[in-house]
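What follows is a set of notes on a single structure, which appears directly below.
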Amino acid sequence: MSSSGGKGAKGGGGGKKKEVKKETKLGMAYKKDDNFGEWYSEVVVNSEMIEYYDISGCYILRPWAMEIWELLKEFFDAEIKKLKLKPYYFPLFVTENVLQKEKDHIEGFAPEVAWVTKSGKSELEAPIAIRPTSETVMYPYFSKWIRSHRDLPLRCNQWCNVVRWEFSNPTPFIRSREFLWQEGHTAFATKEEADEEVLQILELYRRIYEEFLAVPVSKGRKSEMEKFAGGLYTTSVEAFIPNTGRGIQGATSHCLGQNFAKMFDITFENEKGAREMVWQNSWAYTTRSIGVMVMTHGDDKGLVLPPRVAPIQIIVIPVPYKDADTTAIKGACESAVYTLNESGFRADLDTRENYSPGWKYSHWEMKGVPLRIEIGPKDLANQQVRVVRRDNGAKVDIPVANLVKEIKALLDEIQGNLLKTAKEKRDACIEVIHTWDEFTTALNNKRLILAPWCDEEEVEKDVKARTKGDLGAAKTLCTPFDQPELPEGMNPVLRLWKASKEVVVLGPQLLIGLP
């Protein structure tokens, strides 16, 4: 990102500080703990991640967001290619007769499917759907490409956009009508191979959230009621936003079983010459992951970015005082940026003369840059730089000779600290309950609930109906693979939970009230 770009540069020609602030909307009008929805909306706009568009639920993703997405893509794409995934691109449109072929699947998406009905002023002979997901787009061609066991496994992935015409509470990144994602679609000869891949991909999703975005997640299996429509079973990584008390699905990895193979006649000849149906998976994560990161780490100054996904990891700002040697200070700043970039860091220099150092500090804090380096006359004389952390505001002076080593250590520490802090906040919200009164109290207190669960659909519907209110209805998020110890023979609780050693995470859906 150019240091002369963005809203700050538009202010132009050294106007009064008050005017600059008004022009750029520098600073936050809302506090995270007071009005979370307005705070979130303000952060993603003021940090220059998104711009609102004239169609509700659609957003312009600006470079500060797209560069984060590209860093995540770079990691994930490299990992799935190790698993022999091949890149594909399938069309955006799908005919109605193909979309309707798998009834259970399309019923799950029916309210969200957008249709093209006209070309210019002419009505189309038949409406054409815009993909909400690509199972029905791809699988007729899987049937064509797969003939023998030698054609398996077939493993494809595409990076694309999809459209789901959400009508309630559109929220940038979290709930939008068009979003970016990757979607993997694979076919295997055996269920064992499909099961293995489901968990391999789920672990990659955990790594995206915890190792890159510094967001703690729970890996687990969805209930029958919440699984992917038409699939055999669904696994997911689930995040939690303490400020709202709401769980949020981070990514999903589905075993589709043989349902789609049956519908689209995807069969192969095995080694004995007999015909068999393939076993299929599909899996995806989206730009929603960026929104979860913003909600988790952001504060009243704006974004807080984990170093591994920050487009700029270190911003260098010259701090000249009256009669200082500005040429020498600028040279020291340029040298620091060059040294850091040559060492593999993402560093940039802000030399804009029409803004004060203090204004620049606030600007880059708003954008969440992990480290700020300040160089003034004293630093020049002492052959050092002043380094300020975005996550906790701590300041330290580092000798220029140790710059690379010390910066690496600080960035690693920030990355770890953000995950540790987020996990502590999440864990403090988890409440193990044993009675219905405990359940409703915990829900009203914005807690993430661990409860004994019988995994019956009727029970799940009952819980949803009985908790419907202003906060939303409680829903199962997943049965975590990492199970806590529970007493033997847990008794039923108002017929909601039967004796069981399994625990399920319960929490309301993420619905933020933005205007």
* Under 7 Å by Cβ, and 6 or more places apart or on different chains, what pairs join a residue from the stretch 267-289 that is open to solvent by 10 Å² or more (accessible area, probe 1.4 Å) with one that is of a type in the set (V, I, T) and assigned to a strand (DSSP E or B)? -> R275/T267; E276/T267; M277/T267; A284/T252
* Asked: Quick check: anything in the stretch 26-43 open to solvent by 70 Å² or more (accessible area, probe 1.4 Å), aromatic (F, W, Y), modelled with pLDDT of 90 or more and part of a loop (DSSP other than H, G, I, E, B)?
  -> yes
* When the stretch 280-309 is examined, which residues are found to be among the hydrophobic types (A, V, I, L, M, F, W, C) and out of contact with any Lys or Arg (no Cβ under 7 Å at 6 or more places or on another chain)? -> W283, A284, I290, V292, M293, V294, M295, L305, V309
* **Positions within the stretch 44-86 being more than 18 Å from the chain's Cα centre (by Cα), polar (S, T, N, Q) and open to solvent by less than 30 Å² (accessible area, probe 1.4 Å), in sequence order** => N46
* Structure fact -> Going through (1) within 30 Å of E48 (Cβ to Cβ); (2) in a helix (DSSP H, G or I); (3) open to solvent by less than 40 Å² (accessible area, probe 1.4 Å) one by one, C160 fails only at (2)
* For V319, state whether it is over 30 Å from C160 (Cα atoms) and either modelled with pLDDT of 95 or more or in contact with a strand residue (DSSP E or B) (Cβ under 9 Å, 6 or more places away or on another chain) (or both). => yes
* Which condition number does T117 fail, the rest of (1) in a loop (DSSP other than H, G, I, E, B); (2) surrounded by fewer than 14 Cβ atoms within 10 Å (Cβ to Cβ); (3) polar (S, T, N, Q) being met? -> (1)
* A110 versus (1) in a strand (DSSP E or B); (2) open to solvent by 30 Å² or more (accessible area, probe 1.4 Å): which is the lone unmet condition? -> (1)
* Asked: Looking at the stretch 437-451, which of its residues are more than 18 Å from G247 (Cα to Cα) and buried (at least 16 other Cβ atoms within 10 Å of the Cβ)?
  -> E438
* **Pairs with Cβ under 7 Å, 6+ apart, first in the stretch 28-49 and charged (D, E, K, R), second open to solvent by less than 20 Å² (accessible area, probe 1.4 Å) and not in a loop (DSSP other than H, G, I, E, B)** => K31/W39; K32/W39; E48/W64
* Output the number of residues of the stretch 165-176 satisfying the condition of being within 18 Å of V94 (Cα to Cα) and surrounded by 20 or more Cβ atoms within 10 Å (Cβ to Cβ). => 0
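The values are calculated or read from the model by the stated rules, or taken from the named source; none is laboratory data. Note that this is a predicted model, so its numbers are computed, not measured. So basically every Cβ, Gly included, is an ideal-geometry build from the backbone, and we count neighbours across all protein chains shown. Accessible surface areas use protein heavy atoms only, side chains included; no ligands, DNA or RNA. Shrake-Rupley method; radii C 1.70, N 1.55, O 1.52, S 1.80 Å.
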